[in-house]
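Have a look at the structure below, then the notes.
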Amino acid sequence: MNKNKTILLVEDERIAFNTILETLEFFGYQCYGVETLKEALEIIKKVPFDLILADYMLPDGTCFELLNAVKKFRFNLPFVVITAAENQKIIHEAMQKGASDFLKKPFNLKNLPVIIERNFERLRIEQKRNSPQKATVLFKTIKALIAALEAKDPYTSGHSLRVARHARMMALALDLSEEEQFTLELAAILHDIGKIGMPDHILNKASHLHELEYRIAKEHPVVGSNIVGKIDELKEVAAIIRHHHERFDGRGYPDGLQGKVIPKLARILAIVDAYESIVSRRVYKDAKSPEEALNEIKKYAGSQFDPDLVQIFNSVMHSEMASQKMRLKIEDFTDMSDSSSI
Ligand SMILES: [Fe+2]
């Protein structure tokens, strides 16, 4: 069944080399075995492997050199590092360098195909997520969901897109990976989708909500997360949606997570969502200026919001405001020069 999968084993211990190779072949994989880094660096240029299984310590270097080399041209090739059980540092470093999995010695040979297959499965999910056609369908579905929510709640019209814009600015300032940026932006666009299940009289109520109404309103992160979580590719996005009303001091909802236990992207979303709500007019309140909104966010740094992220948001917004003023001045100047030429 695995005849079409080719695996490279890099292992210099003779007994381990033979038993692993025999096991892999027994389960039907096509295998190549080499004992040194040098041989491995050569063979990866020639054979299109589907997975590499490499011992950390090789006679002429470590497998990280092989990992670096292979990542340059096969960035998503599953790479499993074999290491001694107690070496957590190596495991951590392997993951940071882009290894997809690790195998602690000694291991049960029966588990080998399970580990191999879970790496292939991860890759399949990743490729599904990255398929451009699927991404287009996904975006269209998301737009339809947002349109449905905005039809129901005209006061939040455009809110999610403005939140997404600020989230993107934070992602850039924090130098988040592309994957994280994508997750954050989608979570920002979809964060209030759970309001779709809220009764209109609660959603559009001008006065303060009664206790029961407030309890219903507070269900929207869980409802939204359950809706979005139905799409396999959006499981991470669903987790961020679930936690966008958690508070840094642990007094938020739905789970009362505290501090850095709250996913980072959810901590970012909490800030940009609050800011956008403060500067927008709602049925129950007037809009405030950007400066007032920033002061309010700063006031709750450490209690409602992550203080480190608030600081970054503050500087991101100040430079945004400065560049906006600059743009206005340039526009004024352009207008003046236009009129003088008439
Ligand atoms: Fe919300």
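Brief remarks on what is shown
- Residues satisfying the stated conditions in segment 247-256, i.e. within 14 Å of the ligand (Cβ to nearest atom) and either within 18 Å of the chain's Cα centre (by Cα) or touching a residue at least 40 places away in the same chain (Cβ under 8 Å) (or both): Arg247, Gly252
- Listed by position, the helices (runs of 4 or more DSSP H) contained in segment 143-230 that have at least 2 residues being surrounded by 15 or more Cβ atoms within 10 Å (Cβ to Cβ) and more than 16 Å from the ligand (Cβ to nearest atom) are 159-173, 178-190.
- Considering residues of segment 83-104 that are aliphatic (A, V, I, L, M) and in a strand (DSSP E or B) only, the residue nearest to the chain's Cα centre (by Cα): Leu103
- Flag for Thr6 being among the polar types (S, T, N, Q), in contact with a Phe, Trp or Tyr (Cβ under 7 Å, 6 or more places away or on another chain), touching a residue at least 24 places away in the same chain (Cβ under 8 Å) and buried (at least 17 other Cβ atoms within 10 Å of the Cβ): no
- Among the criteria (1) out of contact with any Lys or Arg (no Cβ under 8 Å at 6 or more places or on another chain); (2) of a type in the set (Ser, Thr, Tyr); (3) in contact (Cβ under 8 Å) with a residue 24 or more places away in the chain, the one Ser289 does not fulfil is (3).
- Within segment 231-246, restricting attention to residues that are part of a helix (DSSP H, G or I), modelled with pLDDT of 85 or more and under 12 Å from Leu184 (Cα atoms), the residue that is nearest to the ligand (Cβ to nearest atom) is Ile241.
- For segment 68-82, the set of residues classified as crowded, with 19+ Cβ neighbours inside 10 Å and over 23 Å from the mean Cα position of the chain (by Cα) consists of Val70, Val81, Ile82, listed by residue number.
- Some residue of segment 40-50 being in contact (Cβ under 8 Å) with a residue 24 or more places away in the chain, β-branched (Val, Ile, Thr), touching an Asp or Glu at 6+ places or on another chain (Cβ under 9 Å) and not in a helix (DSSP H, G or I): no
- Some residue of segment 281-296 being modelled with pLDDT of 90 or more and within 16 Å of the ligand (Cβ to nearest atom): no
- Test for Phe102: is it on the phi < 0 side of the Ramachandran plot, in contact (Cβ under 8 Å) with a residue 12 or more places away in the chain and aromatic (Phe, Trp, Tyr): yes
The values are calculated or read from the model by the stated rules, or taken from the named source; none is laboratory data. From a predicted model like this one, the values you see are computed outputs, not experimental measurements. Every residue, glycine as well, gets a Cβ built from its backbone with ideal geometry; the counts of neighbours run over all protein chains shown.
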